[in-house]
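Every read-out reported here was derived from the displayed coordinates using simple, explicitly stated rules and does not represent laboratory data. Not measured: the values here are computed from a predicted model. Here the Cβ is made from the backbone with ideal geometry for all residues, glycine too, and neighbour counts use every protein chain on show.
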Amino acid sequence: MSTHKKHLTRRRLLAASALGVAGTGAAVAAGTGLLSSASAAGFGHTDDGSHIVINTGASLVFKVSKKTGDLASLVYRGKEYEGYGGKHSHVESGLGSATVTVKRSGSTILVKAVHGAITQWYAARSGQNNVYLWTDKADDSFTATRFIVRLKPGMFPNTGPDSWIEASDKVIEAGDVWKRSDGTTHSKHYSGKRTIDYDHIGFTTGSVGLWLVRSNHEKASGGPFYRSLLRHSNDLGAGLYEILHYNQSQTEPERYGLQGPYVLAFTDGGAPSSSLSHDRLDTSWVDGLGITGWVGRAGRGKVAGVGLKGMDAAYAYTVGFASADAQYWAKAASGSGAFSCKGMLPGTYTMTVFKGELAVHTREVKVTAGGTTTLNSVTVTGDPSTAKTLWRLGDWDGTPGEFKNAELMTRAHPSDGRAAKWTGNVTIGDGGEAASFPAYLWKDVNDGVLVYFRLTAAQAAAAHTLRIGVTNAFLNGRPRVTVNDWVSAVPAAPRQPSTRSLTTGSYRGNNHTFTFSVPKSAWRTNTSQYNVLKINIVSGSSGSAFLSPGTSFDCIDLLA
């Protein structure tokens, strides 16, 4: 049994992302990947000496290497799509060697590849242009969990923020961020999507589509708002990813166990059938296959909530469930806040209500196999927006969305030519203040941003609390404030991801609020004068430019 650690961080995969992310229930243009059994006359498997060769009885024939367990061939309508750079499609960075077996159970063919702590499963269903996949990981002998589908160059259009041209684009950071001559930046990191935002990713020519339909991510990590690699495309090849644990901007410990199915689906150009989505997929056929760790519908439970009280109608609410063993989430209905989360493994979970991406309420819930845990109306108790303020920049929603350049940063590098200047101060009362305030602040880029504001005589006669909410940080970057001549103490660094984040498309870390008690002696006594708030980044670490210590903002306000 191998315990060799295989690292995903800073790997150059000769590709990175090119986005074809679509939401739940996208319309199918011409072919769903689900075919009738009447077309499955050729269904079966053979052994060519090096591979198990599976004919789905539709338009897809695929091979699994008997030596490595790699998915070594994907032939659709007679054309090979799989492989680039001498590498095939596989779990992790490839197992290197594996014990591979195959069996047929009626209309299903199942391949099992085992190497140490990893077991990878592939299944074909008669008459379908799909490959069903599961990954079972028992421990941390591999440092990340992902499956990458490697595709030959030139099979699909090379477009999107997660695509680049290796022959002409210039590497500007860590070997995986590229800049084009027009000033735009590209990377495998720039999907622009959170896990909750997509059900499938892929590519299409208009006449052929290849998609990866994600699993429910119950054994993944990072929660509903996690951003990770989804796909990439360049002149040397393309790839699709099912990322279950990745250290980049990660906020949670890794979970272990069986994850899946996720589905690789060919179509006639349209999106995959919505019946393949994790929340709609009929998996009753899996129950008798003997997949280790598989828990069918009968062994799972459900949580149903009557509703949420105290919601802000301007925001979407999500209800998340997390334990050391599993994670789930459900969208709350607008207006009532009702929610339902099904297919959960039995256990005790921390339930978190999110306003946008900000946790505003938590409690414990217990889930039992075959049962429904019903919750009465839950009252939101932790929304910081309810506090009375003298002024506020942005809003408390767990994102920097109201601030300058925020939207661009999920699909581009901060140096991108489309970004507005990161420097610039704001004056409260001028209008559009939040849109002028930078979403991110770095010690070596735009440190010392100023906020000007006036107070009335009554307001200046009292001490006030200044709150600064952040969503993420790099190198323990955190705000220290100066108000006129008063300087705050250096705050302690909260727990944040240890990897690059602000330059790799994710503002998502651990939301944290810094509070500064500003004494009345700090204020200007002349009400016609502006008070000046200066925000500096402090850190015990050093770096340069956009890799210097920094942080991303959620909201800044001065309490009444």
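How much net charge surrounds residue 301 when only other residues with a Cβ under 15 Å from its Cβ are counted (Lys, Arg +1; Asp, Glu -1)?
Net charge around residue 301: +2.
Please work out how many pairs of lysine residues in the stretch 37-281 are eight or more positions apart (or on different chains) and have Cα atoms closer than 21 angstrom.
Step by step, the pairs that qualify in the stretch 37-281 add up to 28.
Roughly how many nanometres apart are two label points built 7 Å out from the Cα toward the Cβ at residue 366 and residue 283?
2.5 nm
Can you compute the FRET efficiency between residue 465 and residue 93 using 1/(1 + (r/R0)^6), with r the Cβ-Cβ distance and R0 = 51 Å? Round to the nearest 0.05.
That gives a FRET efficiency of 0.55.
Hey, rough spin-label estimate for residue 458 and residue 50, points 7 angstrom out along Cα→Cβ, what's it come to in nanometres?
8.3 nm
Would you work out which of 291, 88, 303 lies farthest towards the positive end of the dipole of the chain? Charges go on Cβ: Lys and Arg +1, Asp and Glu -1.
Farthest towards the positive pole: 291.
How would you order 386-396, 414-424 from highest to lowest mean count of nearby Cβ atoms within 10 Å?
Ranked by mean Cβ neighbours within 10 Å, highest first: 386-396, 414-424.
Kindly state, to the nearest 0.05, the FRET efficiency for residue 427 paired with residue 560, given R0 = 25 Å and r defined as their beta-carbon distance.
So the FRET efficiency works out to roughly 0.80.
Could you work out how much longer the chain between residue 316 and residue 532 gets when fully extended? Use 0.36 nm per residue separation minus the Cα distance between them, nm to one decimal.
Extra length available between residue 316 and residue 532 comes to 74.3 nm.
Determine the shape class of the stretch 297-379: with a ≥ b ≥ c the square roots of the Cα gyration tensor eigenvalues, call it rounded for a/c under 1.5, and otherwise prolate if a/b is greater than b/c, oblate otherwise.
Working: a/c = 2.21, a/b = 1.72, b/c = 1.28.
Prolate shape, in that a/c is at least 1.5 and a/b is the bigger ratio.
Take residue 386 and residue 182, extend 7 Å from each Cα along the Cα→Cβ direction, and tell me the distance between the two endpoints in nm.
4.9 nm
I'd like the antiparallel share, as a percent to the nearest 5, of DSSP beta bridges with both residues in the stretch 297-379.
Details: 24 of 30 bridges.
So the antiparallel bridges in the stretch 297-379 amount to around 80 percent.
Hey, which aspartates and glutamates would be in cross-link range of residue 366, C-alpha to C-alpha under 17 Å, not counting anything within fewer than 8 residues on its own chain?
Filter leaves 218, 325.
Per-residue ellipticity at 222 nm for the chain, helices alone: DSSP H runs ≥ 4 residues times -39500 (n - 2.57), over residue total, nearest 500 deg cm²/dmol?
It lands at 0 deg cm²/dmol.
Roughly speaking, what is the stretch gain from residue 350 to residue 444, that is 0.36 nm per residue apart minus the C-alpha to C-alpha distance, in nm to one decimal?
The span from residue 350 to residue 444 would gain 30.0 nm if fully extended.
Show me 267-278, 430-441 ranked by packing, highest mean number of other Cβ atoms within 10 Å first. Could the numbers behind the result be given before it?
Details: 267-278: 20.9, 430-441: 18.7.
Order by mean packing, descending: 267-278, 430-441.
List the lysines whose Cα sits under 25 Å from the Cα of residue 388, skipping any in the same chain fewer than 8 residues away.
309, 355, 404, 520, 534
Considering the alpha-carbon set of the stretch 433-560 alone, what are its Rg and its Dmax in angstrom?
Radius of gyration, then largest Cα-Cα span, for the stretch 433-560: 15.1, 46 Å.
So for the chain: antiparallel DSSP bridges make up what percent, rounded to the nearest 5?
The answer is about 95 percent antiparallel.
Could you size up the charge dipole of the chain around its Cα centre, putting +1 on the beta carbon of Lys and Arg and -1 on that of Asp and Glu, and report it in debye to the nearest 20?
Values: 57 positive and 43 negative charges, 88 e Å.
Charge dipole, the chain, about its Cα centre: 420 debye, nearest 20.
Which shape class, rounded, prolate or oblate, goes with the stretch 65-126 when its Cα gyration tensor gives a ≥ b ≥ c as root eigenvalues, a/c under 1.5 marks rounded, and past that a/b bigger than b/c marks prolate?
oblate
Kindly provide the Kirkwood hydrodynamic radius of the stretch 211-267 in Å, to one decimal, from all pairs of distinct alpha carbon atoms.
Result for the stretch 211-267, one decimal place: 12.6 Å.
FRET efficiency for residue 79 and residue 298, Cβ-Cβ distance as r, R0 = 51 Å, nearest 0.05? Show your work: numbers first, answer last.
Details: r = 41 Å, r/R0 = 0.81.
Efficiency, from the Cβ-Cβ distance: 0.80.
Report the charge-dipole magnitude of the stretch 402-560 in Debye, nearest 20, computed about the Cα centre from +1 at each Lys and Arg Cβ and -1 at each Asp and Glu Cβ.
So the magnitude is around 240 debye.
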